[in-house]
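Please read the structure below before turning to the comments.
The values are calculated or read from the model by the stated rules, or taken from the named source; none is laboratory data. What you are looking at is a predicted structure, and each value in this text was computed from that prediction instead of being measured. With ideal geometry, Cβ positions are generated from the backbone for all residues, glycine too; neighbour counts draw on all protein chains shown. With ligands, DNA and RNA removed, areas are computed over all heavy atoms of the protein, side chains included. Shrake-Rupley method; radii C 1.70, N 1.55, O 1.52, S 1.80 Å.
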Number of protein chains: 2
Amino acid sequence: MQIWSSSGTPRSSGFPVMLVLAPPTLHENYFQPDKLGFGRYFSNHMIDIDWDVKEGWFPPKIRPFQNFSIHPAAKALHYAQQIFEGLKAYYGVDGKIRVFRPELNMERMRRTARRATLPDFNTREALLLIDELIRVDADMVPKTDQASLYIRPMMFATDQNLGIGESSQVKWACFTAITGSYFNYDRGIRLLADPEMVRSWKGGVGQYKMGCNYAPTIFVGKMAAMHGCDQAMWLSGEDRLVTEAGAMNLFMLWTNEENELELITPPTDSGLLLPGITRQTVLELAREWDLMKVSETNFTMSQLVRAVREKRVHEFFVSGTAANVGPVSEILYCDKEREIMEKLHIPTMSSNMQFHKRLHSTLSDIHYGRIEKKEWQRIVEL
Amino acid sequence: MQIWSSSGTPRSSGFPVMLVLAPPTLHENYFQPDKLGFGRYFSNHMIDIDWDVKEGWFPPKIRPFQNFSIHPAAKALHYAQQIFEGLKAYYGVDGKIRVFRPELNMERMRRTARRATLPDFNTREALLLIDELIRVDADMVPKTDQASLYIRPMMFATDQNLGIGESSQVKWACFTAITGSYFNYDRGIRLLADPEMVRSWKGGVGQYKMGCNYAPTIFVGKMAAMHGCDQAMWLSGEDRLVTEAGAMNLFMLWTNEENELELITPPTDSGLLLPGITRQTVLELAREWDLMKVSETNFTMSQLVRAVREKRVHEFFVSGTAANVGPVSEILYCDKEREIMEKLHIPTMSSNMQFHKRLHSTLSDIHYGRIEKKEWQRIVEL
């Protein structure tokens, strides 16, 4: 395994990094969580590390947030040779800044890098660097539980030739964005399920956080919006397995065909969906609480339709770092065989149990330090 | 349809463009076709045009070839919101510079842009701009029929936020590379056919020239190289349809199951493969020559295997702008059911007919102006 070079100035973490500081700037919207939106206001610094096939990783830099200078032939711009991650830091009720399970993001990023034929890196060093980045911009972590600091690590190919092949030059970077909530959850999320729009397939890269999984979804998201929906719900294969929604995982709380109360989400071993960290956390919490059967099992669109008709679906929700847990209130299904658009009402918002709310508030309590769960909370020492 | 803004200095073409000239530089390898490789030596200028959702297209610029300044959150770097094209200009035996069927590339780029939710543009204006770019760097079009000027138009999203959605800011650019041959054709190309590696799927974007189609293939290309092969041959679906090889289309000249001599290539209406311009040209030439049945019909891996065993495959070749027409001499088939790697020898190099060579030399004759075919040759007036 390759590790980052350890020259540069030692920092408080003990990990050396070259540091170039920017003058502080604070946008007025930073203090108005409802105006932040997602990923629009950036903090002042970023991590920037170059790699080349001969030298390996160059010393990491933390420098002012600024444009990249990219060669016109860089593979990142032609062949989508690019990967990313998304995680968050939260300002806790005790004044401590916590990052939620970042080691899982770094491990996933390394798995993605392997599939993308991008270089490996050291998880521990990446975490120390992200700590350092947050420390430098600590004032920009919003002091409210309505917002957070979204962290965006990325790696992309910068080499200067048009051949389609393994890259000899790469950049690893990370910046942060002061971020509010992703959805308006008051009315519930509406999903468009169209079997002709397919996100991933067997033999593809649906389980990796590669940039290439996202571009084709933009058109589909636009179609969803034209139908009054917030996101697409992705179906896969002839039997129309329900896999994901937008760029999020999904869960259904239902009374299954064996008359059991069950929290169900599709399994990741199909390779069709991203193994989300919020997904994993929801599964772990639900298993810990032991209020219902918890299953990672495929279900089809026709199972879902039947269950909705028989009033066996109690809650349906999405999960993701940007969205936390978000209730789904409606699925619009393009049933091509029957040539109809069927509107499936999902009673998530009015369910007695409000299981998604319990998950949302528990996650939020852990994020903002109202509940201690040390192994999920990486504290950034200031 | 949106057109490019028409301010700027009128040029000899009558089409206005802002022009900033660079000092000429000529790399010594420009004169040694066998050292050029593909897409490694760039000429001195590039086209650069910005678009935003409010203003539309800004005036086109031709400026010195140099790095882009790209915002770290640009969708091109995270969600693969990027498309490209590839075409070539050739220095003819009569001293004229010809571009091969560029209007087909621009039409395909516009179709791709539509699927990618990137802005439309005007084919005629794009062609005039590319003419102008070639004119400015006319000295860099190699004066040999062993090399050419590869032209790379591209469009990518530059807006400065992380939301996954339609872009409000975009860049259209085009640069050129002095290019030699893509393969060494003396020994024939070897392909690796592994049904577990899938390039495209129904409901996806395999028929568009979006960057996202390429990143997942880099790993597969590496696997192919580890098996001593030059490229992957892509199979699709349960019945293992033969679709493409590397980033190229493919053709088989065989005696089919009805005992007819047939040139066969998979059809593009499946949406699984790129409608190549060299592919279209090969089909048009073969139909004009009328030496055999010419079919756009699917064929499966098992049909291919059987035909090889029965010595009914005479030639197998790939086609593409970079590769022209390239003979395939071997297909290494990972047959998972039988748990074997089967080496299929294809007698392309020793076939009596040498049909691929006739295609290659006819294409080359048209490229370099030894044959006149006006509707395929766009002459750049100097």
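Using equal-weight Cα scatterers in the Debye expression, the normalised intensity of chain A in log10 at q = 0.08 Å⁻¹ is -0.43.
On the range A:119-196, 37 percent of the accessible area sits on carbon and sulfur atoms, based on a 1.4 Å probe. In the assembly of identical copies, A:A138 has its label point, taken 7 Å from Cα in the direction of the beta carbon, separated from the corresponding points by 6.5 nm (ascending, one decimal). The smallest convex shape that holds all Cα atoms of the range A:189-367, its convex hull, gives 114 Å³ per residue. For the range B:82-161 versus the range B:324-343, the inter-centroid distance based on Cα atoms is 34 Å. Net length available on complete extension from A:T144 to A:R370 is 80.1 nm, with 0.36 nm assigned per residue and the Cα-Cα distance removed. Relative contact order of chain B: 18 percent, from C-alpha pairs under 8 Å at least 6 residues apart in sequence. Remark: mean inter-chain Cβ contacts per residue of B:64-72 equal 6, using a 10 Å Cβ-Cβ cutoff to other protein chain atoms.
Pop a pseudo-label 7 angstrom from the Cα along the beta-carbon direction at both B:M353 and B:E196 and give the gap in nm to one decimal. Taking the simple label geometry, B:M353 and B:E196 are separated by 3.6 nm. Each semi-axis of the equivalent ellipsoid for the range B:18-181 is √(5λ) with λ an eigenvalue of the Cα gyration tensor; in descending order they amount to 29, 16, 15 Å.
Each label point was placed 7 Å from the Cα along the Cα-to-Cβ direction; for A:D186 and A:D52 their separation is 5.6 nm. For the pair B and A, the buried accessible area comes to roughly 4900 Å² in total, with a 1.4 Å probe and the value rounded to the nearest 100. Loop-located trypsin sites (Lys or Arg not before Pro) across the range A:249-339 with a Cβ neighbour count of 16 or fewer within 10 Å are A:K311, A:K336, A:R338, with loop assigned by DSSP. Dividing the summed -39500 (n - 2.57) terms of all DSSP H runs of n ≥ 4 by the residue count of chain B sets its mean residue ellipticity at 222 nm at -6500 deg cm²/dmol. Model label points for A:R306 and A:K293, set 7 angstrom from Cα along the Cα-to-Cβ axis, are 1.4 nm apart. Projecting 7 Å from Cα along the Cα-to-Cβ direction, the label point of B:E337 sits 2.7 nm from its equivalents in the other copies, listed shortest first.
Here B:E284 and A:L261 are evaluated by their C-beta separation; at R0 = 56 Å the FRET efficiency comes out at 0.30.
Label points for B:K96 are taken 7 Å from Cα along Cα→Cβ. From this copy to the others they lie 7.7 nm apart, shortest first.
Qualifying GluC sites (Glu not before Pro) in the range B:217-299, where qualification requires a DSSP coil assignment and no more than 16 other C-beta atoms within 10 Å, comprise B:E238, B:E257, B:E258, B:E260. Stretched out straight at 0.36 nm per residue, the stretch from A:D239 to A:I379 would grow longer than its current Cα-Cα span by 45.9 nm. Here is the short version for chain B: B:C174, B:C229, B:C334 have no other Cys C-beta closer than 4.7 Å.
The separation of the range B:33-79 from the range A:267-320, counted between C-alpha centres, amounts to 44 Å. With N counted as the residues of the protein assembly as shown, its alpha-carbon radius of gyration over 2.2 N^0.38 Å works out to 1.00.
When each of the peptides A:82-89, A:351-358 is scored by how many other beta carbons lie within 10 Å of its residues on average, the order from highest to lowest is A:82-89, A:351-358. Taken residue by residue and averaged, Cβ atoms of other chains lying within 10 Å of the Cβ of B:218-225 number 4. Annotation note: trypsin sites (Lys or Arg not before Pro) in the range A:169-243 located in DSSP loop regions with a Cβ neighbour count of at most 12 within 10 Å are A:R187. Counted over the protein assembly as shown, the DSSP beta bridges are approximately 85% antiparallel. Average 1/r across all pairs of distinct alpha carbons in the range A:308-354, invert it, and you get the Kirkwood radius: 12.0 Å.
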